[in-house]
Amino acid sequence: MKILTPQPFYFDKGSSAVLLLHSFSGTANDMRLLGRSLERSGYSAYAPMFAGHGTPEPLDILNLGGPDRWWEQTLEAVDFLKAHGKKQISVFGLSLGAIFATKALEEIPEVVSGGVFGSPLYTTNFQEIRNAFMTYAKKVYSVQQGLTEVEIDSKIRVVDSKIDSMLTEISKATAGVTENLAEINRPYFIGQGTSDKLVNPDAAKIVAQKVGTAQLHWYDAGHVLTINSAHHELESAVLNFLENN
C-alpha cells in the first residue's frame, strides 16, 4: 500500500485569504478541515508546509527546519497571497505555527487579523512537546517504515540527540515573540483546549491580558483543535471572527 505524502494546499476562492500554519510534528493536513470550511464560506485558504515536514523521515524536521527558516516561509506565504491578488490576509497558527502567526501580526503590515490554536507562548516546559515528538518518531519508524526494533532504536537515539537543541531554538523564538505581544493592535483570536496536555492552557490567559485586541475562546478538548472533537466549533468561531473583524 502506497502511503500518500501530505501536501500543502491552496483553495483559491475569494479576495480575502487566510494563511494556516501547522504544528511541530504536523503537516498541512491538520489545517485541511478548517481550510475547506473557510473555502465554503468564500475565503481563500493557503496552508504551506514547513521545511522538514511532510516527509517519511522525522529527522528531516530537526535537520532541515528551524525557527528562522519557518519564519522565512511565513513571509514567503504572505508574499504568495499578495501575488495572487489577495487584499485582506489573516494568519492563524496551530501550536508551533502559533508562534509565526503571532509574529506575523506583530511585524507584517499587510496582515489584518489572525490568531492561534494551542499556542506554546508562555509555556516554559517543553517536556511534553519533546515526549510527543519522540512518540511520533517511533510511530513513523515502526508503522510507516516498518523498521526492526534494532533499527528503530538506532534512529530514535539520533532523534534524541538532536531534539533538545531544536526545542531550545523554538523556545528562544517564542520568547522573542512574547516580548512584543503588546505591539499587536489587530484582532487576535486565541483558541485553547481546556484539556491540552502539550502546552499550558493557563498561558492563554496571560497572552489575552497582554494583547489588547485578544478574543479568548475555550474548548472542552485537547491540543489539536483543528481536527479533534472541537473542530466544528472552532471552524464556526474562526468564521465568525473573520466576518466581524
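The values are calculated or read from the model by the stated rules, or taken from the named source; none is laboratory data. Because the structure is predicted, anything quoted here is derived from the model rather than measured. Don't worry about glycine lacking a Cβ; one is built from the backbone with ideal geometry, like all the others, and counts go over all protein chains shown. The area values use the complete protein model at the heavy-atom level, side chains included, leaving out ligands, DNA and RNA. Shrake-Rupley method; radii C 1.70, N 1.55, O 1.52, S 1.80 Å.
Taking the range 110-132, which residues are open to solvent by less than 10 Å² (accessible area, probe 1.4 Å) and either closer than 18 Å to Glu235 by Cβ or under 16 Å from the mean Cα position of the chain (by Cα) (or both)?
Hits for the range 110-132 are Ser113, Gly114, Gly115, Val116, Phe117, Gly118, Pro120, Leu121.
From the list Lys155, Lys138, which one is basic (Lys, Arg), touching a residue at least 24 places away in the same chain (Cβ under 8 Å) and in a helix (DSSP H, G or I)?
Lys155
What are the residues in the range 137-153 that are open to solvent by less than 60 Å² (accessible area, probe 1.4 Å) and out of contact with any Leu (no Cβ under 6 Å at 6 or more places or on another chain), if any?
Listed by number, the residues that qualify are Ala137, Val140, Ser142, Gly146, Leu147, Ile152.
Cβ contacts < 6 Å: first residue under 22 Å from Ser15 (Cα atoms), restricted to the range 219-245; second residue modelled with pLDDT of 95 or more and open to solvent by 40 Å² or more (accessible area, probe 1.4 Å), any location; separation 6+ or different chain. Result?
Hits for this filter: Ala237/His217; Leu239/Ser41.
Does Ala101 meet the test of being open to solvent by less than 60 Å² (accessible area, probe 1.4 Å), touching a strand residue (DSSP E or B) at 6+ places or on another chain (Cβ under 7 Å) and either modelled with pLDDT of 95 or more or within 30 Å of Leu181 (Cα to Cα) (or both)?
So Ala101 fits the description; yes.
Say we look at the range 167-191 and pick out the residues that are polar (S, T, N, Q), touching a helix residue (DSSP H, G or I) at 6+ places or on another chain (Cβ under 9 Å) and assigned to a helix (DSSP H, G or I); which of these is most open to solvent (accessible area, probe 1.4 Å)?
Among those that are polar (S, T, N, Q), touching a helix residue (DSSP H, G or I) at 6+ places or on another chain (Cβ under 9 Å) and assigned to a helix (DSSP H, G or I), it is Thr178.
Can Ala214 be described as at negative phi, small (Gly, Ala, Ser) and out of contact with any helix residue (DSSP H, G or I) (no Cβ under 7 Å at 6 or more places or on another chain)?
no
All but one of (1) of a type outside the set (Phe, Trp, Tyr); (2) within 29 Å of Tyr219 (Cβ to Cβ); (3) in contact with a helix residue (DSSP H, G or I) (Cβ under 9 Å, 6 or more places away or on another chain); (4) outside any strand (DSSP E or B) hold for Ser195; which doesn't?
Failed condition: (3).
What do you reckon, is Asp164 surrounded by 14 or more Cβ atoms within 10 Å (Cβ to Cβ), over 17 Å from Ser113 (Cβ atoms) and of a type in the set (D, E, K, R)?
Taking the combined requirement at face value, the residue does not satisfy it.
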